[in-house]
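Following: one structure in structure tokens, then a few remarks.
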Ligand SMILES: Cc1cc2nc3c(=O)[nH]c(=O)nc-3n(C[C@H](O)[C@H](O)[C@H](O)COP(=O)(O)O)c2cc1C
């Protein structure tokens, strides 16, 4: 074992939890819950495998917190909306805790990006304003995607319906929904929650000036656009207390717009960061495919660095961090306090161990087919020269 990457493999405290290292498994939707949203044994094995691989923190896939307001976004998405969901998640948290990792549940409201098949008959999706996403539930309709999904003939494209604007009273209900979900998450054994304010979903739709066209207290300025995020953080913190971890995920990308940029760029990030000061989150989490970029031609500051400085909050940076050197650089450059690693931990559950060991490793390119058709044991998605790790007694 070589001691490469000393910052990456140093401990960090979030709320009352001391994490063994600064590697978080990024949230990755797998749509492998029961149709009623109950987490499965397979999910427990999948998450436990990443905990055994050495992630200090595991952030689950986006999970719907209530059966209301079109919260559920995907078929076979897990929920934390009832006692059955709590019992299912308890198996996941117990399995993960056996390996010493902390695990937090990502709470997510789809807003206008909700598969219409998840809505009740006649129910409209909700959003900040009456808008309609131009995306669709599956990422692309190219030949390869069709091949791996074994689709012949025309692509069965599922588009999103026109959304209606939430009333102010309903916004209060949505916030309570997040707080109730957080309470149930703690009941299920989670060490805290992540509030999903990224990737095109409801809280993002309030933060992003393109989808928020309101002119009340919830729109019209960065501070107003961030109000739903702030209220949600405050309500969740009040619901689960100071000892549990609360993080808030932000992004410019949406699943329905992978090139999305915040109008105003880094200056807007600065305003959003200021609005989030003191919101009750233990950390912000920047989601992207390249954490170092900002899509703002007038500035070279990476977005997570700008948000970290403006908010005064620790930052989890995510996007394109696939080796130890990149992870260490993110931590020592002022951009991040932790890194979240998505596709590499998905593909290679022993990523933290391999990085720490310094073993030569040939990284396989990410392939969509591993998302669509995961291997049965969820242990190893790639044909690799995996080392059989001999776990150090002290991690
Ligand atoms: C299959 C897949 C599912 C994802 N599901 C989620 C999700 O549920 N919640 C979320 O915030 N981000 C989700 N993401 C985004 C990832 O967390 C992450 O931001 C992205 O993969 C970039 O990080 P990476 O370069 O480390 O993979 C998903 C990404 C992929 C590839």
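Computed from the coordinates by the stated procedures, all read-outs in this text should not be read as laboratory data. Since we're looking at a predicted model, the values are computed, not measured. Note: ideal-geometry Cβ built from the backbone for every residue, glycine included; neighbour counts use all protein chains shown.
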| Given N residues in the chain, what is Rg(Cα) / (2.2 N^0.38 Å)? | 0.93
| remark: Cβ density ranking, 10 Å radius, fewest first, applied to 315, 32, 231 yields 32, 231, 315
| query | Which order do peptides 102-109, 345-352 fall in by mean Cβ count within 10 Å, highest first? | reply | 102-109, 345-352
| query | Fewest first, what order do 84, 244 take by the number of other Cβ atoms within 10 Å? | reply | 84, 244
| message | Which one, 142, 256, 67, has the greatest fluctuation when you compute a Gaussian network model over the chain with C-alpha springs under 10 angstrom? | response | 142
| message | Tell me the mean residue ellipticity at 222 nm calculated for the chain from its helices only (DSSP H runs of n ≥ 4, each -39500 (n - 2.57), averaged over every residue, nearest 500). | response | -9000 deg cm²/dmol
| request: Compute the label zone of residue 299 within region 264-288: residues whose backbone N is under 17 Å from the point 7 Å along Cα-to-Cβ. | output: 264-277, 284-288
| query | What is the spin-label model distance, in nm, from residue 75 to residue 333 if the labels are put 7 Å beyond Cα along the C-beta direction? | reply | 4.0 nm
| Which residue, 309, 287, 188, tops the fluctuation ranking in a GNM of the chain built on C-alpha contacts under 10 Å? | 309
| remark: Simple spin-label estimate for residue 16/residue 168, 7 Å along Cα→Cβ, in nm, reads 3.7 nm
| request: At 7 Å along the Cα-to-beta-carbon direction for both residue 97 and residue 124, put a label point, then send me their distance in nm to one decimal. | output: 4.4 nm
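Using Cβ contacts closer than 10 Å as the measure, can you line up 203, 354 from fewest to most?
Values: 203 28, 354 23.
Fewest-to-most ranking of 203, 354: 354, 203.
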| Top mean-square fluctuation among 101, 221, 298, Gaussian network model of the chain, C-alpha springs under 10 Å? | 298
